[in-house]
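Step one of this worksheet: look at the structure below.
The values are calculated or read from the model by the stated rules, or taken from the named source; none is laboratory data. For clarity, every value in this text was computed on a predicted model and none was experimentally measured. A quick note on method: Cβ atoms are made from the backbone with ideal geometry, for glycine too, and the neighbour counts reach across all protein chains shown.
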Ligand code: COA
């Protein structure tokens, strides 16, 4: 266990890491300290070969994360300039470059950077009480944790723009319908479901898991031909490399 974070709890059990956003008194709003803590923890996860998968969740009953901390980000003389300086360290680029699969287990309010943090993860599991919204434009700013790029890539351009431009909040069921989340489960089963999924992923060959993630995430922005080349390289680097035509030794 890594100690000393003011805003996050980091735990590691065997091959599964768990990061809890831990400012429940302000609905886990993301302040500069949390951003810095995340940067450190993400670096540690990336460099730790023991970690095969990580889960992100929020502390407290009410929220995964209610967005950027309004006291930190909107009270400076020039909010835009302040945000620019403070968010300069590329925590979100680091987040999106983590080689291990990341699972977000979200409940309650999932707003602004809360959605964006979940979109830096590969799989999102929501509890039935989850509510998603992007209030930024109404505050005179835009998402700055990758959301303008990750959201349309996940739910499509028109839906992403509607959420961004109108700040219409959606519930867990709608989030599932539009592919923002992979599954919706009762609140009391949220963390258990994420843990079970993480255990399953962690039980597989870690290199196969990483290469599968890399093939999809890096391939997504490539033309098909280059994506297929990438897949071929990643497939042939694996211990169990099986030329096409072999049957499926791993099963399901
Ligand atoms: N930044 C800082 N503090 C926040 C916060 C944020 N983004 N979101 C909530 N809080 C604080 C509240 O100020 C409140 O603090 P207090 O107890 O000292 O008054 C505490 O968290 C609990 O929130 P509260 O507003 O009482 O809960 P609620 O259930 O009535 O409302 C929300 C929940 C999410 C609707 C409401 O808190 C809200 O609109 N938050 C701001 C969302 C936002 O605009 N985020 C920025 C995105 S860029």
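Taking the criterion of being within 15 Å of residue 171 (Cβ to Cβ) and near the ligand (Cβ under 9 Å from one of its atoms), the residues of the stretch 102-116 that qualify are 108, 109, 111, 114.
Here residue 73 meets the list (1) touching a helix residue (DSSP H, G or I) at 6+ places or on another chain (Cβ under 7 Å); (2) at pLDDT 95 or above; (3) near the ligand (Cβ under 9 Å from one of its atoms) almost entirely, failing just condition (2). The set of residues in the stretch 114-163 that are out of contact with any strand residue (DSSP E or B) (no Cβ under 8 Å at 6 or more places or on another chain) and within 16 Å of residue 177 (Cβ to Cβ) comprises 151, 154, 155, 156, 158, 159, 160, 162.
In this structure, residue 161 does not qualify as assigned to a helix (DSSP H, G or I), within 16 Å of the ligand (Cβ to nearest atom), surrounded by fewer than 23 Cβ atoms within 10 Å (Cβ to Cβ) and at pLDDT 95 or above.
Across the stretch 42-55, the qualifying residues are those that are crowded, with 19+ Cβ neighbours inside 10 Å and part of a helix (DSSP H, G or I), and the one among them that is farthest from the ligand (Cβ to nearest atom) is 45. Residues that are more than 16 Å from the ligand (Cβ to nearest atom) and at pLDDT 95 or above do occur in the stretch 20-27.
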